[in-house]
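Values quoted throughout were computed directly from the atomic coordinates according to the rules given, and no laboratory measurement underlies them. Computed from a prediction, not measured in an experiment: that's the story for all the values here. Every residue, glycine among them, receives a Cβ derived from its backbone with ideal geometry; neighbour counts consider all protein chains shown.
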Amino acid sequence: MSEVVVLPMARKPVWLLFFEGLVPAGFPSPADDHRGTRLDLNRLLLPHPDSTYLVRVTGDSMTGGESGIRDGALLAVDCRLTAEHNDVVIAVVEGQFTVKRLIRRRANTWFLVPDNPCYPEISITEPDLFDVWGVVTHVVTETRRGRLSSHVRVG
Amino acid sequence: MFALVDCNNFYVSCERVFRPDLAGQPVVVLSNNDGCLISRSPEAKALGLRMGAAYFQVKPELQRHGVQVFSSNYALYGDISGRIMRYLASVVPVAEVYSIDECFLHLHGMSAYCGSLTELATHWKEQIRKQMHIPVCIGLGPTRTLAKLANRLVKQLGQPSGVLLLETPAQQQWALAQTPVTEVWGVGRRYSEKLAALGIRTAAQLAEQSEAWARRHLGGVTGARLVRELQGHSCREGGAEGELEASRKTIMYSRSFAQPLTQLPDIQVAVAHFVSRAAEKLRGQHSLANTLTIFISKGRFSSGALPHTCTEVLTLPAPTHDTSELLRYAAAALRRLVQANVAYKKAGIVLSGLETAGQQQLPLFGATPQAALRTTLLAELDQLNQRYGRGTVRFAAALPAPGGVAQPWAGNSRWQTPAYTTRWDDLLWITA
């Protein structure tokens, strides 16, 4: 024989309290107090955004050396810095841009030296036809072909 | 003390930033649609090429002298201008951007801390040359009008220093005596004629006049202020003190068409595009417009009985920044303005009577719950277009009709240089 038990039912909705935010189950994260900010690459590459220009490199006269500038690299050029010995610079030589290493040798003579020894040095003999446009501060190259290689100017 | 920093032939100088081979060469920049000369290098000026000359008229001359011709590249000019203005704002307490290539600086009290103002200005000039590769001239004086006058004098005298300070009364007197009254800031053509009739030829003569005289002859208080400014008493209001970018009082958007348009739907699309862009600017500065002006023009060289430009001014029932509402009024106005069988060369719209959003008088019938929703919708629209590029989401009215002319406002720009600083695809390539 079965017995019927009538259970009382709530006719009104029961509202549950909703807590905004995470309720940690278990231990609170020990990292909470040490949370840092997310790293922003711009702060590294562009400390002076208003005087920094991005340019691309074609050619391999800087390949193989310390600068690591390969054909197709993206350079951050800071024009606020004053070029010093051993800086990689964007220079204007007789109205044309080039990227080379600026080297001072004996008797205060200056040279534009390629990192790749297969290319010749340029001796700065006529300062009137020479100007430092900006100092290369960072080089961006891809190890896998990706977005950078897709932004190649056509024509 | 005020300084006026003015970039030398700014558009040409911007073109030279990424083209060092153009140094010392005659260069000109053409207006939108390659219509006329709007910037000339000193070498081009020396050839006698006039500002505003129509390109097709001076073309043989340009070719004969081997002048380099560029279409205007506002993406580049705007970016470089922004860099310069931000630099200036970082070196003085208040910088007032006056135009794309001019900026007033407030120097009150700075000489006490920074020493010689001439040396300071020379340093700024050198830094702008080094960091942005743009040559500038800096004029300094006790008022904005005198700073502007000093700037004009430096340019005219071709002083290599590029800096002129009008500090003592003697220096100011000397500068005023050198300056024709027609070249004074605020003296337009109408007053030039009037002053000539009154026998006043130099700025010095104008500065000798009394305030009462200026009130009588030069349009009341404006004229009195002008004379006071020349006398070295600052009374001209700045655009917006302390703000780098002042809100505009009117927003205008107009373009010449690359080819003349005769069909109403094509003109509708072009104007809808202008309205969309202007409304976006309006929302960007948190303003509402009370008045919408629409104009369409026939070509400058066409003839006919119709007036040259037809204009319609609409007073809006309630101030708005809602693109769809503005589009509706614009479309209705165009149906009234556009005549059959007329070729139109140009159209434009002006939003005026601007007021700050949130401060407007509540309309009697306007406020509906939908209004808030629409504001949210428009904000989302602007965000999408900012993030994914201008024109990603558009009102259908601004889309070209099938078979219609696509982007008639795009215009000719045959000799435009790449947007070197604002597009990944356009970055400068340097040979290693």
With residue B:264 itself left out, Lys, Arg at +1 and Asp, Glu at -1 over residues whose Cβ is under 13 Å from its Cβ give +1
Cβ-Cβ cut-off under 15 Å around residue A:99, Lys and Arg +1, Asp and Glu -1: the net charge is -4
Along the dipole axis of the protein assembly as shown (charges at Cβ: +1 for Lys and Arg, -1 for Asp and Glu; origin at the Cα centre), the most positive-end residue among B:36, B:399, B:333 is B:333
Once residue B:161 and residue B:129 are pulled to full extension, the length gained, defined as 0.36 nm per residue separation minus their Cα-Cα distance, is 10.3 nm
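Using a Förster radius of 51 Å, what is the FRET efficiency between residue B:252 and residue A:152 based on their Cβ-Cβ separation? Nearest 0.05, please.
Numbers: r = 38 Å, r/R0 = 0.75.
Rounded to the nearest 0.05, the efficiency is 0.85.
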Taking a straight Cα-to-Cα line shorter than 25 Å from residue B:346, and setting aside same-chain lysines fewer than 8 residues away, one finds B:59, B:249, B:281, B:298
Ranking B:187, B:235, B:47 by how far each Cα lies towards the positive end of the charge dipole of chain B (+1 on Lys and Arg Cβ, -1 on Asp and Glu Cβ), the top one is B:47
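Tell me what chain B gives for mean residue ellipticity at 222 nm when only DSSP H runs of n ≥ 4 count, each as -39,500 (n - 2.57), the sum divided by the residue total, rounded to 500 deg cm²/dmol.
One gets -12500 deg cm²/dmol as the mean residue ellipticity at 222 nm.
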Quick calc, chain B, dipole around Cα centre from Cβ unit charges on Lys, Arg (+) and Asp, Glu (-), nearest 20 debye, gives 1020 debye
Filtered hits (aspartates and glutamates, Cα-Cα < 14 Å from residue B:155, offset >= 8 within chain) -> B:6, B:102, B:183
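What is the mean number of Cβ atoms from other protein chains located within 10 Å of the Cβ atom of each residue in peptide B:174-184, rounded to a whole number?
Per-residue shielding by partner chains comes out at 0.
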With a Förster distance of 45 angstrom and the Cβ-Cβ distance between residue B:341 and residue B:114, calculated FRET efficiency to the nearest 0.05 equals 0.10
To the nearest 20 debye, the range A:61-155 has a Cα-centred charge dipole, built from +1 on Lys and Arg Cβ and -1 on Asp and Glu Cβ, of 400 debye
Scoring the range B:77-231 by relative contact order with C-alpha pairs under 8 Å, at least six apart, yields a percentage of 14 percent
Here the whole-number average of other chain Cβ atoms within 10 Å per Cβ of A:68-74 is 1
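Only four residue types carry charge here, +1 at the Cβ of Lys and Arg and -1 at the Cβ of Asp and Glu. Report the dipole size of the range B:63-180 about the Cα centre in Debye, rounded to the nearest 20. Numbers along the way, then the final one.
Working: 10 positive and 7 negative charges, 55 e Å.
Value, rounded to 20: 260 debye.
Using the beta-carbon distance between residue A:105 and residue A:70 and R0 = 30 Å, what value does 1/(1 + (r/R0)^6) give for FRET efficiency, to the nearest 0.05? Write down the numbers at each step before the final one.
Working: r = 27 Å, r/R0 = 0.89.
It comes out at approximately 0.65.
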Residue separation between residue B:99 and residue B:372 times 0.36 nm, minus their alpha-carbon distance, gives in nm 94.8 nm
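Restricting to Cα pairs below 8 Å that are 6+ residues apart, what does the relative contact order work out to for chain B? Please round to a whole percent.
17 percent
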Rounded to the nearest 5, the percent of DSSP beta bridges in the range B:13-150 running antiparallel is 70 percent
In chain B, taking the dipole from +1 charges on Lys and Arg beta carbons and -1 charges on Asp and Glu beta carbons about the Cα centre, the listed residue (B:357, B:138, B:279) farthest towards the positive end is B:279
For the range B:8-75 the mean separation of alpha carbon contacts under 8 Å (6+ apart) over residue count, i.e. relative contact order in percent, is 35 percent
